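**Student:** This structure is in structure tokens; I'll ask about it shortly.
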Amino acid sequence: MAGGGRRNIPVLTPEERAALKKYSEGMAVYLARGSKVVLKSAEGFSDEVIAVSLNLKPSTVARWRRLYIEKGVAGFFDSQFPGAPAKTAAELSQASVRMVLAQPPPAGKAKWDVESVASEIGAVPSEVWKIMKDLNIKI
């Protein structure tokens with residue numbers, strides 16, 4: 001495939017590949033983006049090719065890949081990328097979380113999950129989890 005100066009190419013088990021494929025089609029934008037980067041990287045595409053195909057900077061592609069190699073999918077949840085700062089629990093209203101949970105879950109899901117709620121209200125999952133814990137909401 002296309003060349004490039006990458007040093008680390010993720011080697012995926014069939015289970016990891018299936019999970020990343022599932023995440024790449026999900027509603028959580030950050031998770032889908034990171035999953036697509038890792039899948040294309042594992043197929044041997046260069047950072048530059050991946051960047052063009054996903055409308056990202058090559059440095060962003062390299063960072064997603066490095067996060068996966070170092071921490072697996074968990075790295076996608078722990079990290080913040082440049083841009084608008086993540087909303088904090090203080091900025092997110094409990095009402096917005098309740099409002100989302102009162103709606104039917106996203107297509108293809110039997111119930112809401114923290115990542116889907118976060119995506120819906122434009123927040124990071126850890127902050128939504130804190131709000132839901134404070135409200136004693138279990139999903």
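**Student:** Relative to the compact-globule scaling 2.2 N^0.38 Å, provide the ratio for the alpha-carbon radius of gyration of the stretch 14-78.
**Tutor:** Dividing the Cα radius of gyration by 2.2 N^0.38 Å gives 0.98.
**Student:** Under 16 Å from the Cα of K40, which lysines turn up, not counting those fewer than eight places away in the same chain?
**Tutor:** Of all the lysines, those that pass the test against K40 - Cα under 16 Å, at least 8 places apart if same chain - are K21, K22, K57.
**Student:** To the nearest 0.05, what FRET efficiency results for A107 and K57 with a Förster distance of 25 Å applied to their C-beta separation?
**Tutor:** 0.20
**Student:** If I model a spin label as a point 7 Å beyond the Cα along the Cα-Cβ vector, how far apart are those points for K71 and K133 in nm?
**Tutor:** In this crude spin-label approximation the distance works out to 1.6 nm.
**Student:** Give the aspartates and glutamates whose C-alpha is closer than 14 Å to that of K138, dropping any in the same chain fewer than 8 places away, or say none.
**Tutor:** D113, E115
Where a number appears in this text, it was derived from the coordinates with a stated rule and is not lab data. Note that this is a predicted model, so its numbers are computed, not measured. Cβ sites come from the backbone with ideal geometry, for glycine too, and all protein chains shown count toward neighbours.
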